[in-house]
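The values are calculated or read from the model by the stated rules, or taken from the named source; none is laboratory data. Quick caveat: nothing in here was measured; it's all calculated off a predicted structure. For neighbour counting, all protein chains shown are included, and Cβ atoms are generated from backbone atoms with ideal geometry for every residue, glycine included. These area figures cover heavy atoms from the full protein model, side chains too; ligands, DNA and RNA do not enter into them. Shrake-Rupley method; radii C 1.70, N 1.55, O 1.52, S 1.80 Å.
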Amino acid sequence: YDERGATLYQGNAPQEYWQIIHRTSGSINSSARDMAKFVHFMLLRGSTAAGPIVSPESVDRMETPTTLPGNAAGIRAGYALASYTSGHKALGVAFHGHNGGVNGGVSELVYSNELGQGYAFMINNGNGAAMGQISQAIKDYLLRDAKTPEIESPALPAQYKEIDGYY
């Protein structure tokens, strides 16, 4: 890290590098090239130029949230296996990926199977609002020609009717 890592900043103050060792939040320690290769790997459904590494079914499972009541009713948004699935401006396109941060740095890795495209970026400032703005701008660009589809909302079981809606 001392040779190749970026200096992280919180505001204008440099932050000391620290390794998160107890869970998978932040501290991926990847280069932009590594992250771009991983986006490509996911778009190829678990394959590389040398051949498959993970089955397409395993990638499907990694992308499929199953923990919330809405998931059982067919809603595909939410957190899956170290990956979240979300939409953007109700355009009917699913984005898969993960983001994270440490003091002084944030990153995001996202791809869309429908678009066949994805992106990864890192900034050396702990400004989550900036990360959100960058992410929105990239998704807006990727969806610049998309048309809003007619979407039929799945019906939730009766016991969830009072919390039915969009979140």
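If you roll a 1.4 Å probe over the heavy atoms of the protein chains, what accessible area per residue do you get for the chain, in Å²? Please list the in-between numbers first.
Numbers: 11070 Å² over 167 residues.
For the chain, the per-residue accessible area is 66 Å².
Taking the Cα centroid of region 90-151 and of region 31-61, what is the distance between the two, rounded to the nearest whole Å?
Here the two parts' Cα centres lie 18 Å apart.
So who's got an amide H within less than 5 Å of the one on Ala80, skipping anything under 5 residues away but keeping other chains? H placed 1.01 Å off N, in plane.
Residues meeting the criterion, in which the H sits 1.01 Å from N, are Thr85.
So what is the diffusion coefficient of region 39-84 in µm² per second by Stokes-Einstein at 37 °C and 0.692 mPa s, using a Kirkwood Rh over Cα pairs? Walk me through the numbers before you get to the answer.
Details: Rh = 11.3 Å.
Stokes-Einstein gives a translational diffusion coefficient of 291 µm²/s.
Starting with the highest mean, order 102-108, 122-128, 52-58 by the number of other Cβ atoms within 10 Å, averaged over the residues of each peptide. Intermediate results must be reported in sequence, preceding the final value.
Values: 102-108: 20.4, 122-128: 16.1, 52-58: 12.4.
So the peptides 102-108, 122-128, 52-58, ranked by packing, come out 102-108, 122-128, 52-58.
So what does log10 I(q)/I(0) come out to for region 72-161 at q = 0.15, 0.22 Å⁻¹, using the Debye formula with one equal point on every Cα and no solvent?
Debye intensities relative to I(0), on a log10 scale: -0.67, -1.13.
To the nearest 10 degrees, how steep is helix 32-43 against the longest Cα principal axis of the chain, on a 0 to 90 scale?
Long axis of 32-43 versus the principal axis of the chain: about 20 degrees.
Suppose we look only past 28 Å in the calculated P(r) of the chain. What percent of the Cα-Cα pairs does that tail hold?
Values: 4416 of 13861 pairs.
Counting pairs separated by more than 28 Å, the tail of P(r) holds 32 percent.
Any chance you could give the angle, 0 to 90 degrees and rounded to 10, that helix 128-142 forms with the longest Cα principal axis of the chain?
Approximately 60 degrees, to the nearest ten.
How big is the equivalent ellipsoid of region 1-70 along its three axes, where each semi-axis is √(5λ) from the Cα gyration tensor, reported in whole Å from largest to smallest?
On the way: eigenvalues 192, 73, 21 Å².
They are 31, 19, 10 Å, listed largest first.
From largest to smallest, what semi-axes in whole angstrom does region 31-107 give when each is the square root of 5 times an eigenvalue of its alpha carbon gyration tensor? Present the calculation step by step, with values, prior to reporting the outcome.
Working: eigenvalues 100, 71, 27 Å².
Sorted largest first and rounded, they come to 22, 19, 12 Å.
Which order do you get for Leu109, Leu43 if you rank them by accessible area with a 1.4 Å probe, largest at the top? Provide the component values of the computation, followed by the final result.
Values: Leu109 20, Leu43 45 Å².
Largest accessible area first, the list is Leu43, Leu109.
Which percent of the accessible area of region 31-167 is formed by carbon and sulfur heavy atoms (probe 1.4 angstrom)?
Taking all protein chains in place, region 31-167 shows 58 percent carbon and sulfur surface.
I want to check the label-to-label distance for Glu114 and Thr67. Put each point 7 Å from Cα in the C-beta direction and report it in nm to one decimal.
Simple spin-label model gives 2.5 nm for this pair.
If the only charges are +1 at each Lys and Arg Cβ and -1 at each Asp and Glu Cβ, what is the size of the charge dipole of region 44-163 around the Cα centre, to the nearest 20 debye? Each step should come with its number before you reach the end.
Working: 8 positive and 10 negative charges, 23 e Å.
Using Cβ point charges on Lys, Arg, Asp and Glu, region 44-163 gives about 100 debye.
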